[in-house]
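Chemist: Could you have a look at this structure, given as structure tokens, before my questions?
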Amino acid sequence: MLFQKIIMFILGYVNISVEGFFIEKFINACKSKDIVLQNLHLENDSLLKAKVLKSDFKDIVHISKKTKCKIKIERKNGIPFFVNKYRRRKIFAIAICVIAILIFVLTRFIWNIDIEGNENIEEAEIIDMINKYGINIGTRKNSINTQKVCNLIMIEREDIAWIGINIKGTNAIVSIKESKRIPEIIDRNEICNIVANKSAQIDKIIVRNGTAKVNVGDYVNQGDLLVEGMMEGTYTGTRSVHADADVYGENTIIKEKKESFVQNETIFSGKKEKIYEMCINNFKINFNKRVSKFKNYDTINKNMKLRFFSNYYFPIEMKIITNEEIEMLEKKYSEEELKTKIVKEIEDEFEKEYSISEIEEENINRNEEITNSGDELNVKITYIIREQIGTKVNVN
Amino acid sequence: MRDYIKVSKFLEIPREVLSNIPKITVTGFDEILIENFKGILEYEDFFVRISTTIGNININGFNLKLNQMTDDDILVSGKIENIDFEKRR
């Protein structure tokens, strides 16, 4: 029944009312002309209501004239009547077609590249690499052979262990697994030297095989020879060996910082202003062109790409720029407070420069020196890092 | 007519398929489906008279509707009180 209703809706049907004394005659005439009448029911003795297909209606008019019935259209339903109703709104129909075509065409291209899984490699670098192999913002989806690009990239880059490009909607998702550099292992039977991998002061040398070329307390630079793979014996003479030794070096790093007890502190006043910007690929439209009304402010940019469902991105981007007002306040620190603040700053800086995680805690010697000069506090921290500095290098 | 019946019996084909004998299906007390009907002789709110090749079918009831009418079958629905047949001689 539902199927029949759908077909009737597509073809279009009319609700008619028939009035007359010979309704049976009318029904039989319809039957003999193969006209399908539906939902026949009598409203009263001489008024019949029914549903008829649009194409059968002309015949029904003839029949009603023959059988002397009055016929009246109550309602027109279905797609043909609907189309007819909006026939004059041509631009509306054209616009709908244009939008549909636009959406269809725009979803054939890639409009967004997402990169996940990278730790050390910069996102821009990966994007450049992908662009080189033909995956760009605005490339056609069919023209991309992801498997080929992945293979080429994996061949080219040593530091990428695995790369996968997944195209979902208009979104290209690049997943990367970075490879860890394996230290070069030199076979025990090969002849090698030990060379300093960073400049330091020698603290301790334990030689198991080979001849030490430096003494404790010497300063060495990066690349200097520490232990040579040569042995001199009274009976054997000089012979080349596989040098093996532990060489420890010390590095002294001095960090100093001076700060005043009275300092300006920034506080957000809570006032905000928003500026909107629209980007169509690389074409920008500013909705607001004036300079910010705040004297001091912080800017936060937020980009929103237009997208349908979860993966259909479009090359239209909305940019929201939020300016938050900043107020400067004078703050007086006590000696203890200022000390902890400066120490923390120095520690952070130190950790950023030297990856502490690689060196064991016990091999770092730390010394604090604090001098108070009335209105300023000077903190000086001396770090002594003790670590292995020797690496084996093949002798050719 | 008789030949048709013989053939359909032999081939085990339902009789109403080959000839135009009506098939009447009554569902509950509110629906009657009549296949292979010829025409409607009378139609009132309370009475429907349908002609077939072998005679007439009279249906009495209330609020009778002819729901589905195509060229060879008709669905009468409503509160049906009684059905009777007039065999043509």
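The values are calculated or read from the model by the stated rules, or taken from the named source; none is laboratory data. All values reported here derive from a predicted model rather than from experimental measurement. We place every Cβ from the backbone using ideal geometry, glycine too, and count neighbours over all the protein chains shown.
Chemist: Give the residue that is surrounded by the fewest Cβ atoms within 10 Å (Cβ to Cβ), with candidates limited to residues of segment B:31-75 that are away from chain A (no Cβ under 11 Å) and not in a strand (DSSP E or B).
Modeler: For segment B:31-75, the residue satisfying everything is B:Thr53.
Chemist: Let me ask you something else. Filter segment A:135-144 down to residues that are surrounded by fewer than 14 Cβ atoms within 10 Å (Cβ to Cβ) and in contact with a helix residue (DSSP H, G or I) (Cβ under 8 Å, 6 or more places away or on another chain), then give me how many there are.
Modeler: Result for segment A:135-144: 0.
Chemist: Select from segment A:11-43 the residues that are aliphatic (A, V, I, L, M) and away from chain B (no Cβ under 12 Å) and write down the one among them that is farthest from B:Val76 (Cα to Cα).
Modeler: Only one residue fits best here, namely A:Leu11.
Chemist: Here's something else I'd like to know. Quick check, is A:Asp128 surrounded by fewer than 11 Cβ atoms within 10 Å (Cβ to Cβ) and either within 14 Å of chain B (Cβ to nearest Cβ) or within 19 Å of B:Gln68 (Cα to Cα) (or both)?
Modeler: no
Chemist: Report yes if A:Ser175 is at pLDDT 85 or above, under 30 Å from A:Gly134 (Cβ atoms) and under 48 Å from the mean Cα position of the chain (by Cα), otherwise no.
Modeler: yes
Chemist: Then there is this: Which residue out of A:Gln38, A:Gln4 is assigned to a helix (DSSP H, G or I) and among the polar types (S, T, N, Q)?
Modeler: Result: A:Gln4 is the single residue among A:Gln38, A:Gln4 that is assigned to a helix (DSSP H, G or I) and among the polar types (S, T, N, Q).
Chemist: Taking segment A:64-92 as the search range and keeping residues that are surrounded by 12 or more Cβ atoms within 10 Å (Cβ to Cβ) and aromatic (Phe, Trp, Tyr), which one is modelled with the highest pLDDT?
Modeler: A:Phe81
Residues checked against (1) more than 27 Å from A:Val18 (Cα to Cα); (2) among the hydroxyl-bearing types (Ser, Thr, Tyr):
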residue	(1), (2)
B:Arg15	yes, no
B:Asn20	yes, no
B:Gly28	yes, no
B:Glu35	no, no
B:Thr52	no, yes
B:Asn67	no, no
B:Ser77	no, yes
B:Asp84	yes, no
B:Arg88	yes, no
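Chemist: Please verify whether B:Ile24 is within 25 Å of A:Lys33 (Cβ to Cβ) and assigned to a strand (DSSP E or B), treating the condition exactly as stated.
Modeler: It is true that B:Ile24 is within 25 Å of A:Lys33 (Cβ to Cβ) and assigned to a strand (DSSP E or B).
Chemist: Output the residue which, of all residues in segment A:324-345 that are of a type in the set (Val, Ile, Thr) and not in a strand (DSSP E or B), is surrounded by the fewest Cβ atoms within 10 Å (Cβ to Cβ).
Modeler: A:Thr340
Chemist: Quick test for you: out of A:Glu265, A:Glu277, pick the one residue that is among the acidic types (Asp, Glu), assigned to a strand (DSSP E or B) and over 30 Å from A:Leu106 (Cα atoms).
Modeler: A:Glu265
Chemist: I want to confirm something. Restricting to segment A:241-271 and keeping residues that are of a type in the set (Lys, Arg) and exposed (fewer than 14 other Cβ atoms within 10 Å of the Cβ), which single residue is nearest to the chain's Cα centre (by Cα)?
Modeler: Checking each candidate, the answer is A:Lys271.
Chemist: Please tell me if B:Glu81 is within 14 Å of chain A (Cβ to nearest Cβ) and acidic (Asp, Glu).
Modeler: The answer is no for B:Glu81.
Chemist: Of all the residues that make up segment A:209-262, how many are of a type in the set (A, V, I, L, M, F, W, C), more than 29 Å from A:Leu377 (Cβ to Cβ) and in a strand (DSSP E or B)?
Modeler: Here the count works out to 9.
Chemist: Would it be correct to say that A:Val61 is at pLDDT 90 or above, buried (at least 16 other Cβ atoms within 10 Å of the Cβ) and not assigned by TED's automatic domain parsing to the domain that holds A:Asn136?
Modeler: No; evaluated as a whole, the condition is false for this residue.
Okay, residues lined up against (1) in contact with a Leu (Cβ under 6 Å, 6 or more places away or on another chain); (2) farther than 30 Å from A:Glu336 by Cα; (3) aliphatic (A, V, I, L, M):
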residue: A:Thr238; (1), (2), (3): no, yes, no
residue: A:Val241; (1), (2), (3): no, yes, yes
residue: A:Gly249; (1), (2), (3): no, yes, no
residue: A:Glu256; (1), (2), (3): no, no, no
residue: A:Ile267; (1), (2), (3): yes, no, yes
residue: A:Ile280; (1), (2), (3): no, yes, yes
residue: A:Lys289; (1), (2), (3): no, yes, no
residue: A:Ser292; (1), (2), (3): no, yes, no
residue: A:Ile300; (1), (2), (3): no, yes, yes
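Chemist: Also: Just one of the numbered conditions (1) within 14 Å of chain A (Cβ to nearest Cβ); (2) under 27 Å from A:Leu53 (Cβ atoms); (3) modelled with pLDDT of 90 or more is not true of B:Lys23; which one?
Modeler: So B:Lys23 meets the others, but not (1).
Chemist: Can you name the condition, by its number, that B:Tyr4 falls short on among (1) surrounded by 13 or more Cβ atoms within 10 Å (Cβ to Cβ); (2) more than 14 Å from every other protein chain (Cβ to nearest Cβ); (3) outside any helix (DSSP H, G or I)?
Modeler: (3)
Yes/no per residue for (1) in contact with a Leu (Cβ under 8 Å, 6 or more places away or on another chain); (2) within 9 Å of chain B (Cβ to nearest Cβ):
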position: A:Phe9; (1), (2): no, no
position: A:Asp45; (1), (2): no, yes
position: A:Ser55; (1), (2): yes, no
position: A:Lys58; (1), (2): no, no
position: A:Lys65; (1), (2): no, no
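Chemist: Can you say whether A:Gly217 is free of Cβ contacts under 8 Å to residues at least 60 places away in the same chain, among the small types (Gly, Ala, Ser) and under 30 Å from A:Arg366 (Cβ atoms), as far as the supplied structure shows?
Modeler: yes
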